[in-house]
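A.B. asks: Submitted below is the structure of interest, expressed as structure tokens.
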Amino acid sequence: AYHRGHEDLLAIWKELSVCAGVPATILPAKLPRPVLTGDDRHADIKWDWPTRRGVAVIGDKSLLHPFVGKGKSTPWGTYQPQKLKDRINGKNRIYGGFHREQNMQFVPLVGTTLGRLGADAVAMSWALAHRAAEKAFTARGLDTVSPTSGQYCPQFLQLRSRFEHRNLARLSLALCRAGGSRGLPASAPHYRADADLIEALEVVSSSSRRRS
């Protein structure tokens with residue numbers, strides 16, 4: 001269940017990338033990895049997206065629970081907001097330099113079981129929203145920039161904002177579900193909320209009509 005929640009979160013990133021028209025690949029286990037880790041950890045997703053800092057973007061997801069204490073020094077259940085920043089710094093320390101040497105931009109895709117995303121993950125979500133809005137405008141033959149002001153037109157900004165809110169909502173929900181799945185046994189069935197809920201509501205609705 002632990003791995004399933006992480007896989008679902010990664011699948012959401014892949015879906016948002018497809019919507020934005022940005023080629024994304026979920027990375028296999030056997031890849032060059034930082035020597036510092038000393039184990040089988042590796043980055044999780046690669047975007048074929050040239051930037052000013054590299055020929056591609058590499059992302060590594062991470063989910064943390066911000067309430068876990070540290071032994072006797074901190075009572076269990078104490079909220080520790082700094083844990084999110086600490087995890088981001090740790091990801092950058094372990095992976096950032098390694099991927100920069102490969103001419104790639106590294107992005108720590110860190111979030112909490114409360115559904116909160118780290119700043120870098122929010123920036124990546126925004127970038128995908130921007131590309132999705134550009135893709136939609138291009139498909140309709142529309143200009144994203146106003147010819148009179150030289151600024152992005154209001155319609156484009158509105159559409160980008162919608163994509164941004166949708167991205168953040170999907171990622172936040174995936175974080176919460178991934179956190180919840182940690183309490184399930186590995187053999188627990190994968191609950192597909194939408195389909196199951198709709199089917200249940202249809203059954204209830206049909207029963208109600210028969211009674212009436």
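A.B. asks: Per residue, how big is the convex hull around the C-alpha atoms of region 81-124? Give it to me in cubic angstrom, could you?
C.D. replies: Residue-normalised Cα hull volume stands at 57 Å³.
A.B. asks: While we're here: Stretch HIS65-ARG140 to full length: gain in nm at 0.36 nm per residue minus the Cα-Cα span?
C.D. replies: The span from HIS65 to ARG140 would gain 22.7 nm if fully extended.
A.B. asks: Still on this structure, please answer the following. Which shape class, rounded, prolate or oblate, goes with region 62-166 when its Cα gyration tensor gives a ≥ b ≥ c as root eigenvalues, a/c under 1.5 marks rounded, and past that a/b bigger than b/c marks prolate?
C.D. replies: Note, shape of region 62-166 comes out prolate.
A.B. asks: Something else about it: In region 92-113, whose amide N lies under 20 Å from the spot 7 Å out along Cα-to-Cβ of LYS14? List them in ranges.
C.D. replies: Zone members listed by number: 107-111.
A.B. asks: So what does VAL110 come to for accessible area, using a 1.4 Å probe and Å² rounded to 10?
C.D. replies: Rounded to the nearest 10, the figure is 0 Å².
A.B. asks: Of LYS61/LYS85; LYS14/LYS83; LYS46/LYS85; LYS61/LYS135; LYS46/LYS91, which sit over 19 Å apart, Cα to Cα?
C.D. replies: From LYS61/LYS85; LYS14/LYS83; LYS46/LYS85; LYS61/LYS135; LYS46/LYS91, over 19 Å: LYS14/LYS83; LYS46/LYS85; LYS61/LYS135.
A.B. asks: Shifting gears a bit: Length gain on complete extension for the stretch TYR79 to THR148, per 0.36 nm per residue less the alpha carbon to alpha carbon distance?
C.D. replies: Taking TYR79 through THR148 to full extension adds about 19.8 nm, to one decimal.
A.B. asks: For the pair GLN158/ARG53, report the inter-label distance in nm, with labels modelled 7 Å from Cα in the Cβ direction.
C.D. replies: 3.4 nm
A.B. asks: Going by average Cβ density within 10 Å per residue, which order do the peptides 83-91, 111-119 take, highest to lowest?
C.D. replies: 111-119, 83-91
A.B. asks: Mind checking the full-extension length gain between GLU7 and THR25? Use 0.36 nm per residue of separation minus the Cα-Cα distance, one decimal, nm.
C.D. replies: Once the chain is fully extended between GLU7 and THR25, it gains 5.2 nm.
The values are calculated or read from the model by the stated rules, or taken from the named source; none is laboratory data. Bear in mind that the values here come from a model prediction, so they are computed numbers and not experimental data. Note that we place each Cβ from the backbone using ideal geometry, even for glycine, and neighbour counts take in every protein chain shown. We work out accessible area using only protein heavy atoms, side chains counted, and drop any ligands, DNA or RNA first. Shrake-Rupley method; radii C 1.70, N 1.55, O 1.52, S 1.80 Å.
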